[in-house]
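In what follows, a structure is listed as structure tokens, so that the remarks can point back to it.
Laboratory data are not the source of any read-out in this text; all were calculated from the coordinates shown. Just so it is clear, the structure is predicted and the values come from calculations on it, not from any experiment. Note: ideal-geometry Cβ built from the backbone for every residue, glycine included; neighbour counts use all protein chains shown.
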Amino acid sequence: MTVKNEVPAFSLFRSVGAHMKERYIFNFRMPPTELRKRLPAPWIEPQVFSGFSVVSFCILWLEQLRLPPLPRVGSFSTISCAYRIGVVDTSDGSACPSVYVIDRWADLPLIALLGPFILQDTIPIVKASVAHDNAGGTRVQMSYTDGSALFEAGVTQRKQPGLGSALFETVADFATFIKNGVSSYSPSLHPGQLTKVDLHKEDVDYEPLDAVVDFSELNTESWAGAGLEFDSAVRAKTGGNYLWTYQGLWKTQTK
């Protein structure tokens, strides 16, 4: 049995809360063998659905940001995004669903400022747009401050019944997958250590979408040969409260 080693870390604030106004999730499938090559620790393994692993690009439109235990001050809002991977934490000898986050981005400079202090991780600033048209379609565009693209896609209400996914048979199956991903690990400011964050959120309803992904940065970098294929897309139809809580730093390797 592999045992993780926690590295003590101290933060002035350990949590960030917000109300989710809108959420989009674009799912990609890939071979678990390829994902395993790209995971950062031996105790993190691919989660498998119908023979595939799941890589998602998530976009969150958040409002009413707050830093518990302080009361909410002002009306800060942000569009944040991240590449989210379904994984299994096997450190205690059992298979516990978890999430590996490759990186997080946000369009609010305050989030970029607070990220290193609360999450022990950088959160680069991006230019983000979620634009709705009169025909019921939505265009999402995430780009870096120099104008280079991060992610671009267009979505419309799904014309066919069901999710249309090779990963999840029903929308309820997908919702269970998202709900079970409470803990997440991501690269930290400290080499050889991952930052762990727990996300507690209210249940929401998901609406399946038809989507055309025009650009995804992950497909053009070191993951280009990973066999990523677009699978499905959803939108959260109802808002909910989110609370991220920092849990400390964890060594990627064991002695």
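What number of residues in region 119-168 are in contact (Cβ under 8 Å) with a residue 60 or more places away in the chain and under 25 Å from F52 (Cβ atoms)? So the answer is 14. In region 205-255, of all residues being out of contact with any Pro (no Cβ under 6 Å at 6 or more places or on another chain), part of a loop (DSSP other than H, G, I, E, B) and of a type in the set (S, T, N, Q), the one that is surrounded by the fewest Cβ atoms within 10 Å (Cβ to Cβ) corresponds to S222. Of all residues in region 200-241, count the ones that are over 24 Å from L150 (Cα atoms) and under 14 Å from the mean Cα position of the chain (by Cα). Here the count works out to 2. Criterion applied to L35, L65, L60, L70 was being under 27 Å from G192 (Cβ atoms) and aliphatic (A, V, I, L, M), and the one residue passing it is L35.
Quick check, is P187 in contact (Cβ under 8 Å) with a residue 60 or more places away in the chain and within 30 Å of W250 (Cα to Cα)?
yes
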